[in-house]
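Every read-out reported here was derived from the displayed coordinates using simple, explicitly stated rules and does not represent laboratory data. Here the structure is a predicted model, which means the values were calculated and not measured. Ideal geometry is used to build each Cβ from the backbone, glycine not excepted, and the neighbour counts take in all protein chains shown.
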Amino acid sequence: MIKIALGTSNPHKLEEINDMLKELCSEDIEFVLVDGDFNPDENGLTFEENSYIKAVEAAKIMNMPALADDTGLCVDALDGRPGIYSARYAPNQEAKIKKILEEMKDVSYENRKAHFACTMTLAAPDGTKLHVQTGRIDGIIDTKPSGEHGFGYDPIFFIPELNKTMAQMTLKEKNTLSHRARALKPMIDWIKTNFV
Ligand code: ITT
């Protein structure tokens, strides 16, 4: 049996990861949430650097290997913004969405391409980077928010093939195709092969 800490302070992220872990994990792996207030200084310049900062911090606090993800919305017409600054793009989520819609107000449908990028790092308490996985999903930035599910930028992230925004998907649906699912599934496979 191996114990792995989850380094996040975002309850929505935690809900998604826990739901996926129920299906992906065997009894050999137990995930535990990092104790206390978790707010490491995410001063990296890439998703990978920030996911590593969070994973190592959680691993040190819990004295066990830890997994963390760093995620962002990258909008082509905004040169990849907000990207790694997705959490800090405006003071609250409503303002972040408003800011993007405002910046995109004159952008045509065909130029509204965007993707969610997620990088997950598994690290040890001594700072060893054990494994990294990335996941991505492509879509377009809608002209208005729709949907009640999900969190963050999900209400403006439209997936044309499914004719819905990420916030119009149930948790289960999002977890079949999301950037986070596409990083977590191979990460769990790696853990099962190399750890258990
Ligand atoms: P932790 O660092 O504690 O895990 P966080 O919310 O700061 O929590 P990120 O830095 O990875 O996590 O996320 C940056 C922002 O991107 C976050 O504040 C959300 O607004 C958004 N975000 C992350 N995952 C998302 C998802 O699956 N769907 C929509 N928006 C997401």
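Of note:
- Over the chain, relative contact order from alpha-carbon pairs under 8 Å, at least 6 apart, %: 20 percent
- For the peptides 151-157, 95-101, the ranking by mean Cβ contacts within 10 Å, running from highest to lowest, is 151-157, 95-101.
- Virtual spin-label span in nm between Asn39 and Ala124, 7 Å along Cα→Cβ: 3.2 nm
- Segment 1-60 and segment 126-144 have Cα centres lying 14 Å from one another.
- Across segment 70-157, the mean sequence separation of Cα contacts (distance under 8 Å, 6 or more residues apart), normalised by length, yields a relative contact order of 27 percent.
- Tail beyond 28 Å, pair distance distribution of segment 1-159 (Cα, percent): 25 percent
- Candidates Ile2, His12, Thr128 compared by Cα position along the dipole of the chain: farthest toward the positive end lies His12, with charges placed on Cβ.
- Put in line by how crowded their Cβ is, counting other Cβ atoms within 10 Å and starting with the fewest, Val75, Val34 read Val34, Val75.
- The magnitude of the dipole of the chain, with charges of +1 and -1 set on the Cβ of Lys/Arg and Asp/Glu and taken from the Cα centre, is near 240 debye.
- If R0 is 22 Å, the Cβ-Cβ spacing of Glu23 and Glu49 corresponds to a FRET efficiency of close to 0.15.
- Approximating the spin labels as points 7 Å out from Cα along Cα→Cβ, the Ser108-to-Phe31 distance works out to 4.2 nm.
- Residue-span extension gain [Asn163 to Asp76] - 0.36 nm each, minus C-alpha spacing: 29.3 nm
- Greater than 29 Å apart at Cα, pairs in Lys129/Lys185; Lys99/Lys174; Lys22/Lys164; Lys60/Lys164; Lys129/Lys164; Lys54/Lys96: Lys60/Lys164; Lys129/Lys164
- Other residues with beta-carbon under 11 Å from the beta-carbon of Lys129 carry, at +1 per Lys or Arg and -1 per Asp or Glu, a net charge of -3.
- Fully extending the segment from Phe195 to Asp138 would add 17.3 nm, taking 0.36 nm per residue of separation and subtracting the current Cα-Cα distance.
- Counting only DSSP H runs of at least 4 residues, each contributing -39500 (n - 2.57), and dividing by the residue count of the chain, the helix-based mean residue ellipticity at 222 nm comes to -10500 deg cm²/dmol.
- Computed with the Debye formula from one identical point scatterer per Cα of segment 70-196, without solvent, the log10 of I(q)/I(0) at q = 0.15, 0.21 Å⁻¹ comes to -0.72, -1.19.
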